[in-house]
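To start, the structure itself, in structure tokens.
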Amino acid sequence: MIAYHFPPLAGSSGIQRTLRFAQQLPELGWQPLVLSANPRAYPSTSDDLLAEIPPDLVVRRAFALDTARQLSVFGHYPGFLARPDRWVSWRRDAVRQGLQMIERYRPDVIWSTFPIATAHLIGAELQRKSGLPWVADFRDPMAQEGYPKDPKIWASYRHVEQLVFDQAHHCTFTTPGAVEYYRQRFPHRASHISLLENGYDEPSFLAAEKDRHALQGELGSSSPKVLLHSGIVYPSERDPSCLFAALANVAREGRLSPSDLRLRFRGSAHDELVRQMATVAGVGEFVELLPPLPYQAALAEMMSVDGLFILQASNCNDQIPAKIYEYFRAGRPVFGLTDPRGDTAATLRAAGLQEIVALDSIDAIASALPRWLDQLRTGTASLPEAAKVRAASRHMRSKSLAALLEQACQGNN
């Protein structure tokens, strides 16, 4: 399992995918071996998930540097040191250590996972040198129209994609839109492309339950209602400016005040930008920006607040925030600020959550938000459907991955 996102990396929900697969695959007949990056390459680290790495799991951490932080001079560095990504230095030692692991442990299959494209470069080289079957987990699309904006990085992404589809036995994506996009681009490999969604970890939620009641006691039932956005706010893909403008309009009309509503941004990674947006819109009193929490505490907070909200722009219609499945398991009402035509909206509707408003429509948000808050107060806001929640567990996703690994091995015989 070749994965940059692995504990002790902090601040990314992407860690959960590899960690939970590594925990759960043994009971499904597979013994994982993890090849990750040295923690020095991580922008930030946290020990909160280290204890959840199975004690018998083999984990190798190859030499890697973050080009932008560790190889720049006065903020500048040669572009080739950051293509296809800032961790391309990981490749050389990871291939070396990966070959050693293959020689020692004789694995049956290689699995690599995006969004760090270098992981797929490592997977491709190990596959070529070993002849082992290879399952490439893209999660989200790579080279798209207009993304990445840098034409050289875009070309590098396109090269990685071609390499993967030339060599990998199977490719997985986390959304139906991404699956369809790549089946159209690589029609000759369509039968080797499938959906492997993100999910939530049930044991982590059970462990978080003990903290939930204390947090709910702190919030109480009085105003203001607290709506939580948990995780990174990307300036383009999760831009809250129209939400703030709509809130300002509603406040000017006297329909909402800071005593009625608090928008909580937890671990936004762009606090100053979000604060500036809120201030310019005149809604600073409605907004609170709080630092990241350890994973279990973050889940407890999701379960304790009055409601949750998703931000997802139309340029991400083929993507679904990983946190959405944790939102489902948290069992709270969800306000979806996203393109009604996108995969995020479809996933919300499939779970029985109908409050979906375009992220870039100030008028629609201004109309829908007060109505939905009234539903929160009266207890009539929609909740995620239990059957859909159970189907979204990480354990179910691990079963799907185990089946794919088996198919890859059979196809290599």
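222 nm [θ] for the chain, helices only, -39500 (n - 2.57) per DSSP H run of 4+, per residue, to 500?
Rounded to the nearest 500, it is -13500 deg cm²/dmol.
Please give the Cα centre distance for segment 1-59 versus segment 110-137, rounded to the nearest Å.
The distance from the Cα centre of segment 1-59 to that of segment 110-137 comes to 17 Å.
Of the GluC sites (Glu not before Pro) in segment 350-408, which ones lie in a loop per DSSP and count no more than 15 other C-beta atoms within 10 Å?
Qualifying residues, ordered by number: E385.
If you line up the long axis of helix 118-130 against the longest principal axis of the chain, both from Cα atoms, how many degrees apart are they, to the nearest 10?
20 degrees
Determine the percent antiparallel among the DSSP beta bridges restricted to the chain, to the nearest 5.
5 percent
What FRET efficiency comes out for L50 versus H188 if R0 is 45 angstrom and r is the Cβ-Cβ distance? Round to the nearest 0.05.
After rounding, the FRET efficiency stands at 0.60.
Suppose every Lys and Arg Cβ carries +1 and every Asp and Glu Cβ carries -1, with no other charges. What dipole size does the chain come out with about its Cα centre, to the nearest 20 debye?
780 debye
Using the Kirkwood radius built from alpha carbon pairs, what does the Stokes-Einstein equation give as D for segment 349-411 at 10 °C and 1.306 mPa s, in µm² per second?
Answer from the Stokes-Einstein relation: 106 µm²/s.
In degrees from 0 to 90, rounded to the nearest 10, what is the angle of the helix 176-185 Cα long axis to the longest principal axis of the chain?
40 degrees
Kindly rank 304-315, 391-402 from highest to lowest mean number of other beta carbons found within 10 Å of each residue.
304-315, 391-402
Order these peptides, 151-162, 15-26, by their mean beta-carbon neighbour count within 10 angstrom, highest first.
The densest-packed peptide leads the list: 15-26, 151-162.
To the nearest 10 degrees, how steeply does helix 202-219 sit against the main Cα axis of the chain, on a 0 to 90 scale?
20 degrees
Under 18 Å Cα-Cα from K323, which lysines qualify once same-chain neighbours fewer than 8 residues away are excluded?
Straight-distance partners of K323: K388.
Do any chymotrypsin sites (Phe, Trp or Tyr not before Pro) in segment 57-125 lie in a loop, going by DSSP, with at most 14 other beta-carbon atoms within 10 Å of their beta carbon, and if so which?
Passing both the DSSP loop test and the Cβ count: F74.
Rounded, prolate or oblate, given the Cα gyration tensor of segment 202-391, with a/c below 1.5 counting as rounded?
Cα axes put segment 202-391 in the rounded bin.
Subtract the Cα-Cα distance of K129 and Q410 from 0.36 nm times their separation in residues, and report this length gain in nm to one decimal.
So the chain would gain 99.2 nm between K129 and Q410.
Which lysines does K129 reach when only Cα atoms under 29 Å apart count, and residues fewer than 8 places away in its own chain are ignored?
K152, K399
Can you tell me the FRET efficiency between Q276 and K149 if r is taken as the Cβ-Cβ distance and R0 is 30 Å, rounded to the nearest 0.05?
That gives a FRET efficiency of 0.85.
Taking the chain on its own, what percent of its Cα-Cα pair distances exceed 27 Å?
Everything past 27 Å amounts to 52 percent.
Tell me which trypsin sites (Lys or Arg not before Pro) from segment 303-362 have a DSSP coil assignment and no more than 14 other beta carbons within 10 Å of their own.
For trypsin sites (Lys or Arg not before Pro) across segment 303-362 that sit outside H, G, I, E and B with at most 14 neighbouring Cβ atoms in 10 Å, the list reads R341.
Starting with the fewest neighbours, write out L126, L57, L33 ranked by other beta-carbon atoms found within 10 Å of each beta-carbon.
Ranking L126, L57, L33 by Cβ neighbours within 10 Å, fewest first, gives L57, L33, L126.
Enter the Cα centre distance for the pair segment 346-391 and segment 296-343, rounded to the nearest angstrom.
If we compute the Cα centre of each part, the gap is 10 Å.
Tell me the label-point distance for the pair L206, S367, using the 7 Å Cα-to-Cβ offset, in nm and rounded to one decimal.
Each label point is offset 7 Å from its Cα along the Cβ direction, giving 4.5 nm.
Computed from the coordinates by the stated procedures, all read-outs in this text should not be read as laboratory data. Just so you know, these numbers come straight off a predicted model, no measurement behind them. Please note: Cβ atoms are built from the backbone with ideal geometry, for glycine as well, and neighbour counts cover all protein chains shown.
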